1. Restricting to the range 347-383, name every residue that is without any contact (Cβ under 8 Å) to a residue 24 or more places away in the chain and not acidic (Asp, Glu).
2. Can you name every residue in the range 465-507 that is polar (S, T, N, Q), part of a strand (DSSP E or B) and surrounded by fewer than 18 Cβ atoms within 10 Å (Cβ to Cβ)?
3. Quick check on Gln473: is it closer than 16 Å to Gly527 by Cα, of a type outside the set (A, V, I, L, M, F, W, C), in contact with a Lys or Arg (Cβ under 8 Å, 6 or more places away or on another chain) and at pLDDT below 95?
4. Does Arg244 satisfy the condition of being closer than 30 Å to Asn42 by Cβ and open to solvent by 40 Å² or more (accessible area, probe 1.4 Å)?
5. Ile167 passes all but one of (1) in contact with a strand residue (DSSP E or B) (Cβ under 7 Å, 6 or more places away or on another chain); (2) modelled with pLDDT of 85 or more; which number fails?
6. Here are Leu257, Leu267: which of them is farther than 24 Å from Ala170 by Cβ and surrounded by fewer than 19 Cβ atoms within 10 Å (Cβ to Cβ)?
7. Any residue at all in the range 417-429 that's assigned to a strand (DSSP E or B), touching an Asp or Glu at 6+ places or on another chain (Cβ under 9 Å), polar (S, T, N, Q) and open to solvent by 30 Å² or more (accessible area, probe 1.4 Å)?
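The values are calculated or read from the model by the stated rules, or taken from the named source; none is laboratory data. Everything quoted here is computed from the prediction, not taken from an experiment. As a convention, Cβ positions derive from the backbone with ideal geometry for all residues, glycine included, and neighbour counts pool all protein chains shown. Just so you know, the surface numbers come from the protein's heavy atoms only, side chains and all, with ligands and any DNA or RNA stripped out. Shrake-Rupley method; radii C 1.70, N 1.55, O 1.52, S 1.80 Å.
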Amino acid sequence: MRVPDADLFNPQSIMDSDFSPGGASASASVDPDFGFAFDDSNFSDRTLRIEIMPDLPETKSDGGGCCSIADWARNRKRRREDFKKENDFIGQSEEQILNCNLPYTVDGVTYENQDEEAMAMVEESPSDIGLNSNQIGNGSIYNNDSSKNMDCSKVLRVKTIHISSPILAAKSPFFYKLFSNGMKESEQRHVTLRIHASEETALLDLLSFMYSNTLSTTAPTALLDVLMAADKFKVASCMRYCSRLLRNLPMTCESALLYLDLPSSVLMADAVQPLTDAAKQFLAVRYKDITKFQEEVLNLPLTGIEAVFSSDDLQVASEDAVYDFVLKWARTHYPKLEERRGIFATRLSRVIRFPYMTCRKLKKVLTCIDFDPELASKVVLEALFFKSEMPHRQRALAAEEANATYRRFVERAYKYRPVKVVEFELPRQQCVVYLDLKREECTHLFPAGRVYSQAFHLGGQGFFLSAHCNMDQQSSFHCFGLFLGMQERGSVTFAVDYEFAARSKPTEDYVSKYKGNYTFTGGKAVGYRNLFGIPWTAFMSDDSIYFINGILHLRAELTIRQ
């Protein structure tokens, strides 16, 4: 058998619309319905003998018998752990065994399955009894003689199905390889598959799909079993079909976490990406405001944490809060320091956007024992270099990550807006604070909204900026106000000179708006109700001189009074 010029197994060769549930195929000419020929000797050139073996101890007899996604997940996880303890294949003198633990190639494409591999055997004809089928070609050995766990004496039952090798080969690289290896054994008319009892229903559904391009089952647990079988036998079209049906079912936290915890071979398949993307999106939306679900999020597994904290829309006070929460989660789930360092190095550090953390918190990262020192230095230096870049360069770096899974340089929807701070110790203690607001953010302030900056520090005291949409002093119109506040409450007093400025056209330089001095007491703030001396409508107009490329640039200078 020769491989045609088109790649039979290219996922792009068959669109999702080919497998629209409940409807006619949109491209029947690409994938015709051969359902009439399934298990019909008149349209078959081989017979498939399916030997059903007992499941391993403590394993349910059939994944389809699970009453819920949770049952399916527990059952499947136990099976996966147990299967890793046994070898997948049997070496028998009268059978050829394709050991799929070894990668094999078809026209330069490598297919490899590392989880619950398929096992196939081609039976010898009586005239070939003398052939040592353990040796194929130039002495290549495909069987595993050490695998004796599937004892033939334990066969529960046997099913024999009439199959068409061209149909199966066109759908599956596994069957293509089986029927076209060029050896004498590939010409035999009888093929044996040996499976566990829990895989029986899924395999039969899969074989039926390869003929008809549809499934009769719609139960999520049954679809997951078929998806696993399709992954084992590399039937990409069926994986897409199952993925689409599962994606159309109501999503729950339980099912979303399950989809993200499927075996790596399934998760890496292009056909399953839309399903896993939908699961990540569901978790990200559900836990968008983590302050409402702190305990629930703290109990999420690693895949859930990655989905939630990879979101740009996460509603969180600041990236400092993200860092603190992820650190708390890691210490809860990985109490051993070495394991915790390992998980930060390989997974968790990617969900923290260090460039948007404050410099005070970045200093703590450098001394945090949970991070390998080399990793800590790397992420902190990267963050500091980003902070030092010009705004247009920062936007360019963020744009480069538009399609990335983990986006270090993309700013989230923080409750407290990030600021840039330049600090001076001499000749006087002083800091210069830069706060940028997007036009959309200012639009959302009307008619009485406010937005706060992240905290910054001067002389050991914490301060913040707040932008308001408020009425002017005569309450005659709305206008833009800017205020400076001190965090500490109580009897603390602090005397500060301050100046507010903003960039404006045409020079785009910072222009001073107000200067003043104020003696702060705990929790107090000072500022100007109408920073620009114009109504809100003029401030927000299309020809406003204060928005440069859609950004309002504000600056505050604070100096401790002598």
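1. Step one: filter the range 347-383 for residues without any contact (Cβ under 8 Å) to a residue 24 or more places away in the chain, giving 362-364, 366-367, 373-374, 376-378, 381.
If the condition is that a residue be without any contact (Cβ under 8 Å) to a residue 24 or more places away in the chain and not acidic (Asp, Glu), then Leu362, Lys363, Lys364, Leu366, Thr367, Pro373, Ala376, Ser377, Lys378, Leu381 are the ones that fit.
2. From the range 465-507, those polar (S, T, N, Q) are 466, 470, 473-476, 487, 491, 493, 504, 507; that's our starting set.
Right, trim to part of a strand (DSSP E or B) and you get 466, 470, 493, 504.
The answer is Thr493, and nothing else.
3. Working: closer than 16 Å to Gly527 by Cα: yes; of a type outside the set (A, V, I, L, M, F, W, C): yes; in contact with a Lys or Arg (Cβ under 8 Å, 6 or more places away or on another chain): yes; at pLDDT below 95: yes.
When the stated conditions are applied, Gln473 passes them.
4. On the way: closer than 30 Å to Asn42 by Cβ: no; open to solvent by 40 Å² or more (accessible area, probe 1.4 Å): yes.
Taking the combined requirement at face value, the residue does not satisfy it.
5. Condition (1) is where Ile167 drops out.
6. Numbers: Leu257 fails: surrounded by fewer than 19 Cβ atoms within 10 Å (Cβ to Cβ).
From the options Leu257, Leu267, the qualifying one is Leu267.
7. As a first pass, look at the range 417-429 and keep what is assigned to a strand (DSSP E or B): 417, 420-424.
Subsequent filtering for residues that are touching an Asp or Glu at 6+ places or on another chain (Cβ under 9 Å) retains 417, 420.
Adding the requirement that they be polar (S, T, N, Q) leaves none.
There is no residue in the range 417-429 that is assigned to a strand (DSSP E or B), touching an Asp or Glu at 6+ places or on another chain (Cβ under 9 Å), polar (S, T, N, Q) and open to solvent by 30 Å² or more (accessible area, probe 1.4 Å).
One line per residue, one yes/no per condition, for (1) within 21 Å of the chain's Cα centre (by Cα); (2) modelled with pLDDT of 95 or more:
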site	(1), (2)
Leu302	yes, yes
Phe309	yes, yes
Ser318	no, no
Arg331	no, yes
Leu337	no, yes
Ala345	yes, yes
Arg350	yes, yes
Arg353	yes, yes
Arg360	no, no
